[in-house]
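Below: the structure, in structure tokens.
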Amino acid sequence: MNAPLQFVPASAFKQRAAAAVADAHLRSSFRNAMDFLIARRAAQFPDAPALERQRAFAEHIRKYSLARLPDLLEQLERKLTDNGVSVHWAETPEEANRIIIDIARRHSTRLMVKGKSMVSEEIELNHAMADAGMEALESDMGEYIVQLDGEKPSHIIMPAIHKTKQQIARLFAEKVPGAAYTDSVDELIGIGRAVLREKFMTAEIGLSGVNFAVAETGTLCLVENEGNGRMCTTVPDVHIAITGIEKVVEKLEHVPPLLALLTRSATGQAITTYFNMISGPRKPGEKDGPRELHLVLVDNGRTQAYGDEQLRSTLQCIRCGACMNHCPVYTRIGGHAYGSTYPGPIGAIVSPHMLGLAATHVLPTASSLCGACGEVCPVRIPIPDLLIRLRGAAQHAARPGEKPMLGQGAAQSRLVDVIWAGWAALYTRPALYRAFGWLATRFRALTPPMQSGWTASRTPLQPARRTLHEQMAARKRS
């Protein structure tokens, strides 16, 4: 098996972040791109009170859907089955990959073309297919570019945002047979389209993600801009849709409010170019569409988040990426520094449920807690509060009677525990506090110049010449 690529060890995050910060070209590219997306989003929401009403309504829809999630999933399965769709349940990435590969083997598949799907990135489907002797080709242009270069997406909406057109031109000239070097964007798109059109016609299976799954009608909704999603879901004889279990909503009328916020928050579009609604395979007399349709519902840690009242709000996410675009950390280091499938603020609260805190405990600390992510989230996920909660869970084991998260306490340090115990002792014993204050002010010259991570980017802390109590007493005397 190929080594999993969905995350790097937590210890490597700081090194990757430091390397990204030192890359002036990368920082400039991301800053310019994020400023552009921020301006586009702002232009779509000129009326702040109206936006807040829309966000509140969208939040209500997502919370309502999650409150009824088990029932809605069963209703979705029944309706899809009645519509002729085969529904599969996968608790782990390995199980999801096995289901998809089994379907592919039954159809003697050599090639699968894929529309954009972050869940397929999450389960490392491309690598699992390669290990099984089959090719899985990305057809979203950004995903195609990063796959061609052996990389992971650096943004959930714009996978190749970290690349320049010159880099893409060199990549195509090196990797695409017969392609000449050109840095014309139109010509580069044309080269990619020529490759993908041939693949659409020869692939045995098409795979797509799902933006919203409607329980009452058994409808799979797919948002896209390039038309590749529509090709993946209609040209091959077999269509496999894959999604996380949280994407279900009860009614079709719940989709438009979410869609309106998704596209405007993600790319600043009033509406996406294509909106596909799929309710079953090709019926007799129809001229296109797959003859066989499957839906794979993936858990992969989502039930852990669902089981906690506060952490459940993580599952409200509609994958717009607005939190990344506005995050001062993400905009300086990009997505690859995080190492996880989902980078940025949303990745910092989603990844611990999928990979465990032992592997991801450093990600919730990759935030200034400025609150920008929570302010722009279209479904009002309290991301800063969840980051604080996960930081605490990483540092402390579960209390008696509390259900622990996977890897909870992984970052716990005896030294830190001793320091906090000493701090608590000082601040709960007045005599000890006064004695410490006197010693700290009189021997302030002995303060160490290097103070762990604090002085990596800040000046050293040093006590004042006199305590506040002493200064106030002197002021009264004068």
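Annotations
- Segment Leu439-Glu74, extension gain: residue separation times 0.36 nm, minus the distance between their alpha carbons: 124.8 nm
- Between helix 344-355 and the chain: long-axis angle, C-alpha atoms, 0 to 90°, nearest 10: 80 degrees
- A full extension of the chain between Glu216 and Arg27 corresponds to an added length of 63.5 nm, given 0.36 nm per residue minus the alpha carbon distance.
- Phi-based couplings in Hz for segment 124-133 (Karplus 6.51, -1.76, 1.60; Gly and Pro marked x): 6, 4, 4, 6, 5, 5, 4, 5, 8, x
- Protection proxy ranking of 104-117, 342-355, 34-47, by the mean of other Cβ atoms within 10 Å over each peptide's residues and highest first, is 342-355, 104-117, 34-47.
- In loop segments of segment 198-251 as defined by DSSP, the GluC sites (Glu not before Pro) with at most 15 further C-beta atoms inside 10 Å of their C-beta are Glu216.
- Among the trypsin sites (Lys or Arg not before Pro) within segment 443-478, those in coil by DSSP and having at most 13 neighbouring Cβ atoms inside 10 Å are Arg458, Arg465.
- Between segment 241-274 and segment 165-221, the C-alpha centres lie 22 angstrom from each other.
- Taking 24 Å as the limit for the C-alpha separation, the pairs Lys175/Lys287; Lys114/Lys251; Lys63/Lys114; Lys114/Lys163; Lys63/Lys152; Lys152/Lys251 exceed it in the case of Lys175/Lys287; Lys114/Lys251; Lys63/Lys114; Lys63/Lys152; Lys152/Lys251.
- The magnitude of the dipole of segment 82-212, with charges of +1 and -1 set on the Cβ of Lys/Arg and Asp/Glu and taken from the Cα centre, is near 380 debye.
- Overall shape: oblate for segment 414-477, with the ratio a/c of the largest to smallest alpha carbon gyration tensor axis at 1.5 or above and b/c at least equal to a/b.
- Between 0 and 90°, nearest 10: helix 383-395 axis offset from the chain longest Cα axis: 70 degrees
- Point-to-point label distance, Ala424-Ser108, nm (Cα→Cβ direction, 7 Å offset): 6.8 nm
- Phi-derived couplings, Karplus 6.51 cos²θ - 1.76 cosθ + 1.60 at θ = phi - 60°, listed residue by residue for segment 30-41: 5, 4, 5, 5, 5, 4, 4, 5, 4, 5, 4, 5 Hz, with x used for Gly and Pro.
- The calculated FRET efficiency for the pair Ala431 and Ser478, based on their C-beta separation and a Förster distance of 30 Å, comes to about 0.65.
- Mean Cβ neighbour count within 10 Å, used as a protection proxy, ranking 75-87, 259-271 highest first: 259-271, 75-87
- Summary of the geometry: segment 130-149 and segment 82-109, compared by the centres of their Cα atoms, lie 19 Å apart.
- Fewest-first ordering of Arg442, Arg230 by other beta carbons within 10 Å of each residue's beta carbon gives Arg442, Arg230.
- Helix 414-428 and the longest principal axis of the Cα set of the chain meet at an angle near 50°.
- Distance in nm between pseudo-label sites at Val416 and Ala464 (7 Å out along the Cβ direction from Cα): 3.0 nm
- Basic side chains Lys and Arg get +1 at the Cβ, acidic Asp and Glu get -1 at the Cβ, and with that the dipole of the chain about its Cα centre reaches some 2640 debye.
- Coil-residue chymotrypsin sites (Phe, Trp or Tyr not before Pro) of segment 108-216, DSSP, other Cβ within 10 Å capped at 15: Tyr181
- Backbone amide hydrogens, once placed in the peptide plane, bring Leu295 within less than 5 Å of Ser86, Val87, His88, Ala241, excluding anything fewer than 5 places away on its chain.
- Residues in segment 283-324 that a label on Asp385 would reach, taking backbone N under 12 Å of a point 7 Å out along Cα→Cβ: 309-314
- Per-residue 3J(HN,Hα) values for segment 397-409, derived from phi via the Karplus relation 6.51 cos²θ - 1.76 cosθ + 1.60 with θ = phi - 60°, read 5, 5, 6, x, x, 8, 6, x, 6, 4, x, 4, x Hz in sequence order (x marks Gly and Pro).
All of the numbers you see were taken from the coordinates with simple rules; none came from a lab. Keep in mind that what you see is a predicted model, and the values were worked out from it rather than measured. Please note: Cβ atoms are built from the backbone with ideal geometry, for glycine as well, and neighbour counts cover all protein chains shown.
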